[in-house]
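Structure first, commentary second.
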Amino acid sequence: MDSKKFAKKIADLIFNKKGYDVRIIDLQNIASFTDYFVICSADSDTQVKAISDEIDKNLRDEGIKCWHKEGLTALSWVLMDYVDVVVHVFKKDARDFYNIEKLWGDAPSIEVEDPALKKVAVKPKAKPKTTIKKKTSQE
């Protein structure tokens, strides 16, 4: 699997545990240590752990092991290094503080939408036409 598809797969796993504000940053032309960052936010320590566990478990089931993990003690920022893709799971406040997106601002990035939240375009029902009868002089 190429690294871009791998990054998107990780983003999908994040949504399984209600991670949000998911962004993929393309570092291929800027850095030599990885191809992509996948960054997301969570609201609590418990959610940070649940997201990182979801990623780890699902990828291990496919035979993909994490090369290095950090932050599992404090749970405000968990880093998971899969060599070609580095995952950053932040508590909202920590993400705002460290502002990785600004640090790597020269790199192209995309915000990934949760597929469950994509709204299906529904055509509104046509309103029935109402006719207004003009009064004639004979009425």
ask   = Gain in length, L72 to S32, computed as 0.36 nm per residue apart minus the alpha-carbon separation, to one decimal in nm?
value = 11.8 nm
remark   = Distance in nm between D21 and V83 label points, each 7 Å along Cα→Cβ, equals 3.2 nm
query = How much length is gained on full extension from I64 to Y98, taking 0.36 nm per residue of separation minus their Cα-Cα distance?
reply = 9.4 nm
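Calculate, in nm to one decimal, what T46 and D114 gain on full extension: separation in residues at 0.36 nm each, minus their alpha carbon distance.
Separation in residues times 0.36 nm, less the Cα-Cα distance, equals 22.5 nm.
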message = Could you report region 1-108's accessible area per residue, 1.4 Å probe, as an integer in Å²?
response = 55 Å²
ask   = Can you list the HN-Hα couplings for region 91-99, worked out from phi with the Karplus curve (6.51, -1.76, 1.60; θ = phi - 60°), rounded to whole Hz and with x for Gly and Pro?
value = 6, 3, 5, 5, 5, 4, 5, 7, 6
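Semi-axes, largest first, in whole Å: what does sqrt of 5 times each Cα gyration tensor eigenvalue give for region 39-95?
Semi-axes, largest first: 19, 11, 9 Å.
Could you state the per residue volume, in Å³, of the convex hull enclosing the Cα atoms of region 1-99? All intermediate terms of the calculation are to be shown ahead of the outcome.
Numbers: hull volume 8.9 nm³, N = 99.
In region 1-99, the Cα convex hull volume per residue is 89 Å³.
The values are calculated or read from the model by the stated rules, or taken from the named source; none is laboratory data. On a predicted model such as this, the values are computed, not experimentally measured, just so you know. Note: ideal-geometry Cβ built from the backbone for every residue, glycine included; neighbour counts use all protein chains shown. Note: accessible area is taken over every heavy atom of the protein model, side chains too, but ligands, DNA and RNA are not part of it. Shrake-Rupley method; radii C 1.70, N 1.55, O 1.52, S 1.80 Å.
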